[in-house]
Amino acid sequence: MNIMNDSINNINNMVTNDITNFDNYEMITQFSEEAFHDFKNILATISGLTQLTMLKAQSEETKLYLSRIKRATSDFTEALNNYYDFTTGLNNNKKGIHVLSETVDEAISMVKHKFSDSDIINNRLVLNLNIQSKSKVYGYKYKLIQCFLNILTNAIDSMDKAEGILTVKVFNDSSNVFVNVVIIDTGSGISVENLERLFKERFTTKSNGTGLGLKIAKNCVEGHGGSLSITSKINEGTKVHILLPIYND
Ligand SMILES: Nc1ncnc2c1ncn2[C@@H]1O[C@H](COP(=O)(O)OP(=O)(O)O)[C@@H](O)[C@H]1O
Ligand SMILES: [Mg+2]
């Protein structure tokens, strides 16, 4: 898992260094091709050996644990495929029309393994997904996925005791002009003075943080004609509210 997190951090660093430089995306794609190929081979080996051991296992308990390992490897492979599609998609600099809730869902699929209904880890992190809009937006799908991914990752990081609730809501405003994406966590929260610093400087409280995730998300949303705002209360949690203009065909 650490290897994968390091790779994702590397990819994120490369993307964040110059968000508009499409040569960088080519580099990322090339890197991804090689890294993901290696990861998938390792997972296939684990999965295959687990299957073999399952055939020889005597006790029901051992069989149960082995089947969990097998499920976890297939969940992990799926997460890896989603990351792969995402990094490849970032290479695509064409604008398009897409259903925003599906874009949100794709970002969620990349962090789903961190929640308690996944077989990969055992914690009490709960995902509460509430999608009430199927509205379309016009824009760069994979940059929007990156934006949601940055916000989701921050929310998950903030609940570092691996306990809490992440709520994601997608709905239209009453006049059907904007689609709202609201991401709420019950994590550490952000102090008033840190909230003011968030967008002014390269601000991070993490030892391996870049301090760029939120800025990229805000720039991306604003570049699509929308807005991003944050409210937070220390020790209670944080709410990120995104508005994007609905595309009417
Ligand atoms: N949901 C959140 N809960 C608590 N703190 C947050 C949250 N989102 C962002 N932050 C704070 O804002 C800082 C900047 O976030 P970001 O720009 O994504 O950079 P990074 O995650 O690399 O630190 C984080 O280090 C953290 O202190
Ligand atoms: Mg971040």
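The values are calculated or read from the model by the stated rules, or taken from the named source; none is laboratory data. Keep in mind the model is a prediction, meaning the values are calculated, not measured. FYI the Cβ positions are ideal-geometry reconstructions off the backbone, even for glycines, and counts take in every protein chain you see.
With Gln58, Gln51 as the choices, which residue is free of Cβ contacts under 8 Å to residues at least 40 places away in the same chain and outside any helix (DSSP H, G or I)?
The conditions single out Gln58.
Listed here are the residues, each with its yes/no results for (1) part of a loop (DSSP other than H, G, I, E, B); (2) more than 15 Å from ligand 2 (Cβ to nearest atom); (3) within 18 Å of Cys147 (Cα to Cα).
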residue: Lys169; (1), (2), (3): no, yes, yes
residue: Val181; (1), (2), (3): no, yes, yes
residue: Phe199; (1), (2), (3): yes, no, yes
residue: Leu228; (1), (2), (3): no, no, yes
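Give the number of residues within segment 198-222 that are more than 13 Å from ligand 1 (Cβ to nearest atom) and surrounded by 14 or more Cβ atoms within 10 Å (Cβ to Cβ).
Qualifying residue count, segment 198-222: 1.
Which residues, taken from segment 208-226, are of a type outside the set (Val, Ile, Thr) and more than 13 Å from ligand 2 (Cβ to nearest atom)?
Listed by number, the residues that qualify are Asn219, Cys220, Glu222, Gly223, His224, Gly225, Gly226.
For the condition assigned by TED's automatic domain parsing to the domain that holds Val104 and within 14 Å of ligand 1 (Cβ to nearest atom), what is the one hit in Asn235, Asn176?
Just a single option satisfies the conditions, and that option is Asn235.
When you go through Asp160, Asp185 one by one, which is the residue that is of a type in the set (D, E, K, R) and crowded, with 19+ Cβ neighbours inside 10 Å?
Unique residue meeting the criteria: Asp185.
Read through the list (1) touching a strand residue (DSSP E or B) at 6+ places or on another chain (Cβ under 7 Å); (2) over 18 Å from Leu129 (Cβ atoms); (3) aromatic (Phe, Trp, Tyr), then give the number of the only condition that Phe199 fails.
The single condition Phe199 does not satisfy is (1).
Out of the residues in segment 239-249 that are away from ligand 2 (no atom under 12 Å from the Cβ) and surrounded by 12 or more Cβ atoms within 10 Å (Cβ to Cβ), state the one that is farthest from Asp160 (Cα to Cα).
Tyr247
Per-residue answers, yes or no, for (1) in contact with a Phe, Trp or Tyr (Cβ under 7 Å, 6 or more places away or on another chain); (2) outside the structural domain of Ile156 (by TED's automatic domain parsing); (3) modelled with pLDDT under 90:
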{"position": "Tyr25", "(1), (2), (3)": "no, yes, yes"}
{"position": "Thr29", "(1), (2), (3)": "no, yes, yes"}
{"position": "Leu43", "(1), (2), (3)": "yes, yes, no"}
{"position": "Ser67", "(1), (2), (3)": "no, yes, no"}
{"position": "Thr88", "(1), (2), (3)": "no, yes, yes"}
{"position": "Ser101", "(1), (2), (3)": "no, no, no"}
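Considering segment 83-97 alone, what residues qualify as being free of Cβ contacts under 8 Å to residues at least 60 places away in the same chain, surrounded by fewer than 18 Cβ atoms within 10 Å (Cβ to Cβ) and out of contact with any strand residue (DSSP E or B) (no Cβ under 6 Å at 6 or more places or on another chain)?
Asp85, Thr88, Gly89, Asn92, Lys94, Gly96
Find all pairs meeting these conditions: Cβ atoms under 9 angstrom apart; at least six residues apart or on different chains; first residue within segment 124-151 and without any contact (Cβ under 8 Å) to a residue 12 or more places away in the chain; second residue assigned to a loop (DSSP other than H, G, I, E, B).
Taking only residues 6 or more apart or on different chains, not a single pair turns up.
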